[in-house]
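Here, each number is a calculation from the coordinates, and none is a lab measurement. Because the structure is predicted, anything quoted here is derived from the model rather than measured. Using ideal geometry, Cβ is built from the backbone for each residue, glycine included, and neighbour counts are taken over all protein chains shown.
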Amino acid sequence: MDQNLPTNPVFSARPKSIFPTMTALARQYDAINLGQGFPDEDGPREILEVAAEALLEGPNQYAPIEGIPTLRQAVAEDNKRFYNLDINPDSETMICSGATEGLASVFWGLLQPGDEVILFAPFYECYAPQIEATGATVKYVSLQPPEWQVSADALEAAITSKTRMIVINTPHNPLGTVMSMEELEIIAGAARHHNLVVVCDEVYEHLVFEGSSHIPLMTLPGMFERCLRIGSAGKSFSLTGFRIGYITGPDPLITAVKKAHQVTCFSAPVPLQLAVAHALQFTDDYYQKFTSEMQQKRDLLSEGLRSTGLTTFDAQGTYFLICDITSVGFEDDVTFCETITKEAGVTAVPVSAFYDPSISDIPRHFARFCFCKKHDVLKAAVQRLTKYF
């Protein structure tokens, strides 16, 4: 075979994702994998039963491009219930095959060659390649430890006449931070002043812990018409394999995104959409229990890691917490994660993997641990690390 066949360097020139890389290493060394972010238990059986019944009863044919009306109505009601947002389910919502596909459709539907997009680093790994595949250019604004907060001066310095979009992620993966009102107002002010669209990755919206609160940027004055808000059933109901996400925004932006969505995956599976529509009707008791149990796991792992000598940052949301590895004598996060996988039998991921290599000020001394695992698994991981350190 000709080895010189053309490929797209936006994807082919990138290194392999850190997640399968560390997962493969974890399997090789029989390590407890606290690297990849997915729960080790499925969400409520009630959701699975609705999906199974819908699958058996059918029909199992294409859904409408924008999603089934039942789920779009449920998404609109969810926005009203939690954020007092008045959403038209027919024109201001779209169902996607997971939030990652939703992000791709947003970028492909709104960007063109020559545009610039602001990303805050560290960032979830799919953002940059999806943006670059449109021909747009990414401008990075680094969040500085230990506060990891948005700087108005740094954001303003990155904006040019070519800037079309800002991407935010709150609650934040990998940092576990939740944007404050002050940070949101900085972003809103810049977006209004420069006439920018803001893509709001809010997949962890219901995983916010005591002392913090999630405020969608879309709720700020003058921001609905320029925001696209992305949610995830996989994250809200611990069913990441369902691959059902939802996008909320103004009609003109949703229409543009829908046209990209229809030529990527066209539609999401009907039985899973029906199951998620059912799940969005859960009472507040579900969300309180969900958050409380995850907070208990966060505390279990955080306290355990501190007992080993690691310095941890308080996770305000998501199911991730990060550690400063210099507290146990390491300077390089990749070396740390490989070493504890091989020698302690516990896997984490290096936070430097959430940066573009072109960024000059990448911190190399933070590691991300995932705590959405069973209590026994977290305890076993702590025991292994305690023994190692």
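Before moving on, here are some points about what is shown:
- Ascending count of other beta-carbon atoms within 10 Å, so fewest first, for Met223, Met94, Met181: Met181, Met223, Met94
- Value at 222 nm in deg cm²/dmol, rounded to 500, when DSSP H runs of n ≥ 4 in the chain each add -39,500 (n - 2.57): -12000 deg cm²/dmol
- Measuring how big segment 1-49 is from its alpha-carbon positions, Rg and Dmax come out at 17.7, 52 Å.
- Dividing the convex hull volume of the alpha carbon atoms of segment 63-143 by its residue count gives 119 Å³ per residue.
- Among Asp86, Asp356, sorting on how many other beta-carbon atoms sit within 10 Å of each Cβ, with the fewest leading, yields Asp86, Asp356.
- Across Lys258/Lys289; Lys235/Lys289; Lys80/Lys235, pairs whose alpha-carbon gap is larger than 25 Å: Lys258/Lys289
- Percentage relative contact order, the chain, counting C-alpha pairs under 8 Å, at least six apart: 24
- Alpha carbon convex hull of the chain, projected area averaged over orientations, nm²: 20.1
- Distance histogram for segment 1-156 (every C-alpha pair counted, 5 angstrom bins, percent rounded to whole numbers): 2, 6, 9, 11, 14, 16, 17, 13, 8, 3, 1, 0
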